[in-house]
Amino acid sequence: MERATARGVMRVVEPLFPCYIFVRCRLEEGIDEIRYVTGISSLVHFGHRIPVVPDLVIEELRQCFESEEPMAVEDRLVPGAEVTVADGALLGSRGIVVRVLPAKQRVQILLDFLGRTTLTELDRKSLTVENRCMADLMPALATLPRLSVAAAV
């Protein structure tokens, strides 16, 4: 993933489900045993309902992430993408990508600046793409049904 830092935009490795584990059990019989395991702070729940993740979804996740190697994510810096400036004088400004100039490592974006829409060219590394989720970045996950995850944190 790309994250804005004090030194500009950096590529970092992040877990897909940080601080979560998946547990296979019969909820009626094993819920208290899971709930009170050392390190578990709570079970994911919606009201009194604990969601269940079908075995098929878990198997598809395993297949997608068999390797111990980090998985590269698709670059979403494309025309039409919403971006935020993460560096420089325009820090925090939001805009829309108009054109990507890969040879120069630059991007043209439309910014609302002082009440006017302005075309600006910025260094590619000074931008972060908004509204990103892992399923959007990895086409294999985008085809999975969006289900609640029964996980413990």
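The values are calculated or read from the model by the stated rules, or taken from the named source; none is laboratory data. This is a predicted model, so every value here is computed, not measured. Note that each Cβ is placed from the backbone with ideal geometry, even for glycine, and that neighbours are counted across all protein chains shown. SASA here: full protein model, heavy atoms, side chains in, ligands and nucleic acids out. Shrake-Rupley method; radii C 1.70, N 1.55, O 1.52, S 1.80 Å.
Select from region 88-104 the residues that are outside any strand (DSSP E or B) and within 23 Å of the chain's Cα centre (by Cα) and list them in ascending order. Selection gives L91, G92, S93.
Within region 100-153, how many residues turn out to be farther than 30 Å from R26 by Cα, at pLDDT below 75 and basic (K, R)? So the count comes out to 1.
Just one of the numbered conditions (1) more than 18 Å from the chain's Cα centre (by Cα); (2) closer than 30 Å to E121 by Cα is not true of L77: (1). Close contacts from region 89-107, counting a first residue that is open to solvent by 60 Å² or more (accessible area, probe 1.4 Å) and a second that is part of a loop (DSSP other than H, G, I, E, B), with Cβ to Cβ under 8 Å and a gap of 6+ residues or different chains, come to R94/E130; I96/G80; I96/A81; V98/P79; R99/P79. Scanning region 9-50 for residues that are farther than 30 Å from V83 by Cα, among the aliphatic types (A, V, I, L, M) and open to solvent by 90 Å² or more (accessible area, probe 1.4 Å) turns up nothing.
Filtered by the rule that a residue be more than 30 Å from F22 (Cβ to Cβ) and at pLDDT 80 or above, region 62-86 gives V78, P79, G80, A81, E82, V83, T84, V85, A86.
Taking the criterion of being of a type outside the set (S, T, N, Q) and either out of contact with any helix residue (DSSP H, G or I) (no Cβ under 6 Å at 6 or more places or on another chain) or open to solvent by 80 Å² or more (accessible area, probe 1.4 Å) (or both), the residues of region 51-64 that qualify are P51, V52, V53, P54, D55, L56, V57, I58, E59, E60, L61, R62. In this structure, R116 does not satisfy being within 25 Å of V12 (Cβ to Cβ) and of a type outside the set (F, W, Y). Yes or no: region 45-53 includes at least one residue that is modelled with pLDDT of 85 or more, within 19 Å of V129 (Cα to Cα) and not aliphatic (A, V, I, L, M). Scanning region 45-53, I find no residue that is modelled with pLDDT of 85 or more, within 19 Å of V129 (Cα to Cα) and not aliphatic (A, V, I, L, M), so the answer is no.
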